[in-house]
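Notes follow the structure.
Bear in mind these aren't lab numbers, they're just calculated from the coordinates by the rules spelled out. This one's a predicted model, so the numbers in the text were calculated from it and none came from an experiment. Note: ideal-geometry Cβ built from the backbone for every residue, glycine included; neighbour counts use all protein chains shown.
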Ligand SMILES: NC(=O)C1=CN([C@@H]2O[C@H](COP(=O)(O)OP(=O)(O)OC[C@H]3O[C@@H](n4cnc5c(N)ncnc54)[C@H](OP(=O)(O)O)[C@@H]3O)[C@@H](O)[C@H]2O)C=CC1
Ligand SMILES: CC1=C(/C=C/C(C)=C/C=C/C(C)=C/C=O)C(C)(C)CCC1
């Protein structure tokens, strides 16, 4: 058990509850996102719930939006979470991050539906895909992992500000260390490696978080990037070798629930505001590579991302 505990890593120990709070989490139909959604849906200020094992009244729990590309998969995860947590307010909405039309449609629907947004978790991600492009012509890792979430955050930001204190959590990875922002070939048309393409996009997540924190100073909205640990999930689905490694070393990898702890910590823990823009692993602040600390790269990536998406975001 002590070896297992070692590999499980940090645990989110805060008991902050979320009565009446609104949460959006991308890619929450499986893996780390689903376990994050489950725990957030459980956080309601309801003695009634614990004592009577009954469904708590809506205003006592969080409303959790599972934003995913496959609504059927989303519904199956949502009904499991609803049954498990007795929170009926776990809702599924369509969001395909590889298509800016879908991102805009999701944001439009959400903004019409909800007057508040307290927690946005940019969790969805793809890894090691063979070369491909999104509907808008972006290389898939950059398009889904970085640009998709960049646009989504932009579209939801006013609602977050109006609901402050609010938080944005961006799932990155320790492999950002191997990443580089190749401005001369952002779409990987000259040279492409599916492993490095993922690393580049995860570096972009850290740089985005850093720059976003600067722009949000004084608004009451804070943001954090996260390495969840090496987690047993479907992320490795595009690589035979990684699937094999994941199976072989399965006992030493984190479960999705263990992998959700740092996202939960950054979404919930009290007193994190002074650390806005920082990178976390195992529920504490962690080291980032020199490239992830470069303000010039962060600013340039921000400007280029706005240009690619055709948005103005000062
Ligand atoms: N697992 C690990 O070891 C690590 C994971 N991470 C990061 O954690 C995050 C969660 O990964 P994890 O749970 O492991 O992976 P999973 O593959 O289990 O889950 C990824 C989720 O993202 C969704 N997704 C993929 N593409 C899109 C898209 N175009 N639009 C909307 N949703 C999409 C998937 O949907 P669908 O089911 O439909 O494919 C799925 O719900 C990722 O950002 C990943 O980079 C970081 C470090 C390590
Ligand atoms: C060498 C090796 C491993 C491979 C590690 C790898 C390949 C990590 C990849 C991390 C990823 C994909 C992070 C996602 O963001 C294991 C399986 C831990 C077991 C011990 C030996």
Distance in nm between residue 114 and residue 192 label points, each 7 Å along Cα→Cβ, equals 3.4
Rounded to the nearest 5, the percent of antiparallel DSSP beta bridges in the chain equals 10
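Between residue 70 and residue 240, what is the FRET efficiency for a Förster distance of 30 Å, r being their Cβ-Cβ separation, to the nearest 0.05?
0.85
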Taking 275, 235, 120 and counting other beta carbon atoms within 10 angstrom, the fewest-first order is 275, 235, 120
Between the modelled labels at residue 158 and residue 249 (7 Å from Cα along Cα→Cβ) the distance in nm is 4.6
From the Cα centre of segment 151-182 to that of segment 94-145, the distance in Å is 12
Per its Cα gyration tensor (rounded if a/c is under 1.5, else prolate when a/b beats b/c, else oblate), segment 162-294 is best filed as oblate
Segment 132-157 scanned against label point 7 Å out from residue 93 along Cα→C-beta; backbone N under 18 Å for 148-157
Taking 0.36 nm per residue of separation between residue 59 and residue 303 and subtracting their Cα-Cα distance, the length gained on full extension comes to 83.8 nm
Applying the gyration tensor rule to the Cα atoms of segment 195-234 (axes a ≥ b ≥ c; rounded if a/c under 1.5, else prolate if a/b exceeds b/c, else oblate), the class is oblate
Extension length gain for residue 2 and residue 275 (0.36 nm per residue less Cα distance), in nm, is 95.2 nm
